[in-house]
Amino acid sequence: MHKSDSDSAPWYRQFWLWFIIAIPLTSITYTLSAVYLFSQNSVDLVAEDYYKKGKAINLDLSKLKYADKLKLAANLSFQDSEGTLIFDKGTLSAYPPLSIIFTHRTLANKDFQQMITPDHKGVYRFKTLNAITGPWFIKLSTFENIWVLQSAINLPTNHATSLQGHRL
């Protein structure tokens, strides 16, 4: 019987040995890389206190219905970093100072809130630090947070966005 060269080679020079060892090593390397990437880049889509948030949604529904009862509505338009809000005060006696909250759909660190007041014509104007882009959820209310108007918007946009109460 004649031995081939591959049979007489030492174990560490065998191709199939290294091929078989490479499969689990590659899998382990990719798994550790994925774990590292996921731990460094967390996503804020799932709330940890989902039960409390669910209870807050029910409270917000009553605030939306109250805004409808007061016949409140608003139109928001954006030009770069400048926003203009035209507010229909419905049955309110005067134009109140308002709080406008911008919540990004996926990036919680981009969320911000501004307090805005009307000019002599009842138009609310405000500026953001930077031009904002992407998908946003907007809530409008008074300082007392008695009623709420809301809407979803994808910026930039060329048309005004209607903020409404429960009819959303």
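The values are calculated or read from the model by the stated rules, or taken from the named source; none is laboratory data. Bear in mind the structure is a predicted one, so any value in this text is a computation, not a measurement. Cβ placement follows ideal geometry from the backbone for every residue including glycine, while neighbour counts extend to all protein chains displayed.
Just a yes or no: is a residue in segment 70-80 touching a Pro at 6+ places or on another chain (Cβ under 9 Å) and at pLDDT 90 or above? Lay out the reasoning, then the answer.
Applying the first criterion (touching a Pro at 6+ places or on another chain (Cβ under 9 Å)) to segment 70-80 yields 78-80.
Keeping just the survivors that are at pLDDT 90 or above gives none.
The answer is no; no qualifying residue exists.
Filtered by the rule that a residue be of a type outside the set (A, V, I, L, M, F, W, C), out of contact with any Pro (no Cβ under 9 Å at 6 or more places or on another chain) and within 14 Å of residue 103 (Cβ to Cβ), segment 128-160 gives 128, 134, 135, 139, 141, 150, 151.
Filtering segment 77-123 to residues that are outside any loop (DSSP other than H, G, I, E, B) and among the aliphatic types (A, V, I, L, M) leaves 85, 86, 98, 100, 101, 108, 115, 116, 123. Of the residues 127, 121, 139, the single one that is crowded, with 17+ Cβ neighbours inside 10 Å and of a type in the set (Lys, Arg) is 139.
Of the set (1) in a helix (DSSP H, G or I); (2) modelled with pLDDT under 85; (3) closer than 19 Å to residue 138 by Cβ, all apply to residue 54 but (3).
Which one of 12, 30 is modelled with pLDDT under 90, more than 14 Å from residue 140 (Cβ to Cβ) and either part of a helix (DSSP H, G or I) or small (Gly, Ala, Ser) (or both)?
Numbers: 30 fails: modelled with pLDDT under 90.
Checking each option against the conditions leaves just 12.
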